[in-house]
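The values are calculated or read from the model by the stated rules, or taken from the named source; none is laboratory data. All figures in this text were calculated on a predicted structure; none of them were measured in a lab. Neighbour counts are summed over all protein chains in view; Cβ atoms, including those assigned to glycine, are modelled from backbone coordinates with ideal geometry.
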Amino acid sequence: MIHTLNQSANVAMDPPFHEAYKSLLAETAVERGGDAVAVKEWELPVVDLRRLRDGAEVGEVEQCKNDIIRASQEWGFFQVVNHGVSSQLLGKMRAKQIGLFKQPFERKSKEDMFLNFSAGSYRWGTPTATSLTQLSWSEAFHVSLSDILGSNGSDDLRSTMEEFAGKVSRLAQELAEILGENLGRSSKFFVDNCVPSTCYLRMNRYPPCSVPGRVFGLMPHTDSDFLTILHQDQVGGLELVKDGEWIAVKPNPEALIINIGDLFQAWSNNVYKSVEHRVVTNSKLERFSIAYFFCPWSETVIKSKCEPGVYRRFSFREFRNQVQEDVRKHGFKIGLPKFVL
């Protein structure tokens, strides 16, 4: 579904970007420079997971696993179909998400009061931005699964989120185990370290932007997890780096997008690639997506079995704290380069 909105009708629900970032938006230089040009639209590799299910031939199962491994090595991004999340559940999740974002901004910004999410779950813009290149024109509910697990069924939003999270959590475990086994690592690692209470759902909305050539919907970054599962709408806007160039990801309504995170790149000693990606803005259309971040316990140690290792050993807490410190200091994430031996 594509949502076209009259910007004047969105004043109550949209975050106050123009007011909060007035001085940045007054800048006359187009800071994005060459990045503002149109990029080619590509279709990501598509992996049919039906080949992993009961009844599949052994050769089909192995070929499916090889496709997942190759895409994680060569692209860092791929799509999966026949993934076990029904179109009905995706549609319901999308409807609940849209309804949530339609709430007035003043109410959304007090989400801990009317949703009982942890304080700080609702986010918008980039509080640390000192230039347009660091500003993300978006709003999100970044929710720990601890906030939604065990819903009592009377809260339809929470129960829908819990059902969706349960499906994608099992998918994340399945994909991570395939990638881990290829490295000679035990599947027990993910069962023990990446449990539902350590993972997150992030519901995103990208409002129409009055300066689409100058501001990102989500600034370029890599994900600080093992892997991310993303469902996006048909508006488009997701772009990633492939062979040193930015490409646009063609939306596929049947697929979920999988991307490798920093922890998997470090854990695999650069066998798998955590790829920089971003969301570009649109002057007329709003865009919605929902992401599941497959994360470990804070004290989980990330260390490759390979020698020599590219990265020093570190805990997830240490990595996350370093990212937060760099964002406060520099306005952007540095990530894995800070942990190279």
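Computed values, structure above
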{"quantity": "Options 166, 91, 120, 99: the member that is within 21 Å of the chain's Cα centre (by Cα), at pLDDT 85 or above, in a helix (DSSP H, G or I) and closer than 27 Å to residue 16 by Cβ", "calculated": "99"}
{"quantity": "Strands (runs of 3 or more DSSP E) completely within segment 224-278 that count 3 or more residues being more than 25 Å from residue 199 (Cα to Cα) and in contact with a strand residue (DSSP E or B) (Cβ under 6 Å, 6 or more places away or on another chain)", "calculated": "245-249"}
{"quantity": "Exclusive hit being modelled with pLDDT under 95 and within 23 Å of residue 91 (Cβ to Cβ), set 187, 146, 138, 159", "calculated": "159"}
{"quantity": "Output for segment 311-339, where each listed residue is of a type in the set (A, V, I, L, M, F, W, C) and either touching a Lys or Arg at 6+ places or on another chain (Cβ under 6 Å) or crowded, with 16+ Cβ neighbours inside 10 Å (or both)", "calculated": "314, 316, 319, 323, 327, 332, 336, 339"}
{"quantity": "Condition met for residue 319 (in contact with a Phe, Trp or Tyr (Cβ under 6 Å, 6 or more places away or on another chain) and assigned to a helix (DSSP H, G or I))", "calculated": "no"}
{"quantity": "Test result for residue 210, more than 10 Å from the chain's Cα centre (by Cα), of a type in the set (Ser, Thr, Tyr) and surrounded by fewer than 21 Cβ atoms within 10 Å (Cβ to Cβ)", "calculated": "yes"}
{"quantity": "Residue 175 vs. criteria in contact with a Gly (Cβ under 9 Å, 6 or more places away or on another chain), modelled with pLDDT of 95 or more and either aromatic (Phe, Trp, Tyr) or outside any loop (DSSP other than H, G, I, E, B) (or both)", "calculated": "no"}
{"quantity": "Residue identified as crowded, with 17+ Cβ neighbours inside 10 Å, touching a residue at least 12 places away in the same chain (Cβ under 8 Å), under 30 Å from residue 27 (Cβ atoms) and hydrophobic (A, V, I, L, M, F, W, C) among 230, 240, 179", "calculated": "240"}
{"quantity": "Residue 290, sole failed condition from (1) surrounded by fewer than 20 Cβ atoms within 10 Å (Cβ to Cβ); (2) more than 21 Å from residue 180 (Cβ to Cβ)", "calculated": "(1)"}
